[in-house]
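The values are calculated or read from the model by the stated rules, or taken from the named source; none is laboratory data. Keep in mind that this is a model prediction, so the values were computed, not measured. Note that we place each Cβ from the backbone using ideal geometry, even for glycine, and neighbour counts take in every protein chain shown.
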Amino acid sequence: MVTELGHFALILAALIAVIQTIVPLIGAHKRWPGWMAVAEPAATTQFLFVAFSFAALTYAFVVSDFSLRLVYLNSHSAKPMLYKISGTWGNHEGSMLLWVLILALFGAMAAWFGGNLPPTLRARVLAVQASVSVAFYGFILFTSNPFLRMQVPPFDGQDLNPLLQDPGLAFHPPFLYLGYVGLSICFSFAVAALIEGRVDAAWGRWVRPWTLAAWVFLTIGIALGSWWAYYELGWGGFWFWDPVENASFMPWLFAAALLHSAIVVEKREALKSWTILLAILAFGFSLIGTFIVRSGLLTSVHAFANDPERGVFILMILVFFTGGALTLFAARAQTMEAKGVFGVVSRESALVANNILLAVSSFVVFVGTMWPLVAEMFFDRKLSVGPPFFNMAFTPFMIALGLLLPIGSMLSWKRAKAGRVVRSLVPAFMLAVALAGLVWAMQTGRSLMGPVGVFLGAWLVSGAVTDLLSRTGQSRDLRRLFRLPRADWGKAVAHSGLGITMLGIAGLLAWEQEDIRVAKVGEPYNVGQFELELQDVKRVEGPNYFSTMGEVSVRVDGQEVAHLFPEKRNYPVAQMPTTEAAIDYRFWRDVYVVIGDPQGQDAWVVRTYIKPLANWIWAGCILMALGGLLSLSDRRFRVAAGARKTAPKAGVPAE
């Protein structure tokens, strides 16, 4: 009964979204307040209905209702409760229901917190947001219905993909979708502004919090996915340039560019057309990512579905919304005349350079991701574009971005004196060079990657500190730091986080040690400064799996520093093995051990990695997200806070 009500609620939500799309748009065009006012209760009601629908599907997974086809295919009665719940979105149909839930959530939030928006803009934003929802409701109800019943309910289910039965993957998709789908509200603001033919400083302030929230969620989601790949897949890496990884990374780069571009619109009323274009492209690349994950055109360990028919439906949604928005942009771009002028040396120019680097790097990732498909379709050649291409083509843009950030963030608006900024950054530069030189001297004969990463990391962190100290005045009154806006602190923390992540990536790639061998029980072996010994291998039974568990002692100078238990699991229901790496997490390095197949009596294949600075990668991501949250908590950047002009011209009534 609950699932039938959930199905019915989903249909009602779709019908409400249709009303929310049509009525407010007509009302905004005709300037009919009553019709425009329909948008807000419709957005709230739509969200409540789809939330109930999602709760009903979750309930079906929790109670193991195997009469529901989706539950049968993706759950099992012996599965732990956490993975029963995460099984709701650990599949194509359930994840699409989560998608529309978040779409409706952002639309409802725009209605709840958009009271200071002009009525016509608010109505159009909510209508455009609902139109995106209508397309995905149609996709779910006609091609991916999660509430389909089975004529004869089976005794038990087929279980969830064992790779997804992990805490990291339980929380990774919701955060990623909050970022992916959160960019839809930026798209709605952009299209609404194009329809109105007006983009001003107030619009820049309204769109910034939504972009910042989406970027923060994307950062957390990508970091969780990277961390999961690191410890779960057993390959010892944190990023593989997999098509689905790239699908989330491209919108993140565009969102970062949009976030910085919106600052220029707000502060100087410049870059209006470019900012609108970035908002369209950011959500467009989110749709491209959805297409990649669900069409089956590109293979990936992360892919949800391999169904070209569903892919065609998503491609139609992509073409309609992105193509329609770009067409509208081409028609209205001339109305968005920039008012602010600025010199070549200015913060505006630095932000333009920042935008170019981020956008071009995203297009580089896009070309590398899609080129194998293009080569096969048009040239009948099977190609593989792997990490070497991405590392070579993408890295220079990130190095340039890292070099630019500390300088650009300290330049003045409109016109700046570069000499003064450079002089203030000399101590930060010298510190970065000294640390890089020290590392170079310590690792003689190795690659340049490590010293370059140390330099960039130290440069970004010390540059952020210098930027904060510059706000204390010539007297260096540190008490002023506590009176700075949270957005300034957020910027410094986020830039420092980027530097720490760059340092962690460079250090890991430059100084990692790897050892693969047949290890015998009781025979020690050395990897770098560590002595490891496989002490025992035993059979262990888990709640829904069987495991071959090794016991490995890790010693330094004869003293044990870690006791690790790598596993090789087999899930009998899904008939799928998984590798569970055992990791000794430390501040400066990780010791990473994976057990493989048996090789005769008391001998097993064991892979060992020494991974310097691995945890710095995710620590930097946490700092970037924290910086975004600090900025989001700034009173000036709350949704629509102070955005409307409070002093209308004489004789002209305020809207």
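Taking first residues from the stretch 397-423 that are touching a residue at least 60 places away in the same chain (Cβ under 8 Å) and partners that are acidic (Asp, Glu), the Cβ contacts under 8 Å between residues at least 6 apart in sequence or on separate chains come to 406/467; 409/467; 410/467; 413/348; 414/348. Taking every residue in the stretch 219-242 that is under 21 Å from residue 595 (Cα atoms) and touching a residue at least 24 places away in the same chain (Cβ under 8 Å) and pairing it with any residue that is hydroxyl-bearing (Ser, Thr, Tyr) and not in a helix (DSSP H, G or I), at least 6 positions away or on another chain, the pairs with Cβ-Cβ distances below 6 Å are 234/579; 236/592; 236/609. Taken over the stretch 591-638, residues that are within 25 Å of the chain's Cα centre (by Cα) and not basic (Lys, Arg) amount to 24. The set of residues in the stretch 374-386 being part of a helix (DSSP H, G or I) and surrounded by fewer than 15 Cβ atoms within 10 Å (Cβ to Cβ) consists of 374, 376, 377, 378, 379. Within the stretch 173-193, identify whether any single residue is hydroxyl-bearing (Ser, Thr, Tyr), part of a helix (DSSP H, G or I) and farther than 30 Å from residue 80 by Cα, and answer yes or no. Yes, there is a match, as at least one residue in the stretch 173-193 is hydroxyl-bearing (Ser, Thr, Tyr), part of a helix (DSSP H, G or I) and farther than 30 Å from residue 80 by Cα. Over 28 Å from the mean Cα position of the chain (by Cα) and within 30 Å of residue 78 (Cα to Cα): is that true of residue 115 in this structure? No. Filtered by the rule that a residue be outside any loop (DSSP other than H, G, I, E, B) and in contact with a Leu (Cβ under 8 Å, 6 or more places away or on another chain), the stretch 133-156 gives 133, 136, 137, 140, 141, 149. The single condition among (1) free of Cβ contacts under 8 Å to residues at least 40 places away in the same chain; (2) surrounded by 14 or more Cβ atoms within 10 Å (Cβ to Cβ); (3) under 30 Å from residue 490 (Cβ atoms) that residue 357 does not satisfy is (1). Against the definition (modelled with pLDDT under 90 and either assigned to a strand (DSSP E or B) or within 30 Å of residue 158 (Cβ to Cβ) (or both)), how does residue 573 come out, yes or no? For residue 573, the condition - modelled with pLDDT under 90 and either assigned to a strand (DSSP E or B) or within 30 Å of residue 158 (Cβ to Cβ) (or both) - is met. Taken together, the criteria exclude residue 87 from residues that are out of contact with any His (no Cβ under 7 Å at 6 or more places or on another chain) and surrounded by fewer than 22 Cβ atoms within 10 Å (Cβ to Cβ). Cβ-Cβ contacts under 7 Å between residues 6 or more apart (or on different chains), taken from a first residue in the stretch 441-464 that is closer than 15 Å to residue 500 by Cα and buried (at least 20 other Cβ atoms within 10 Å of the Cβ) to a second residue that is among the hydroxyl-bearing types (Ser, Thr, Tyr) and modelled with pLDDT of 85 or more, are listed as 460/496; 461/496; 464/496.
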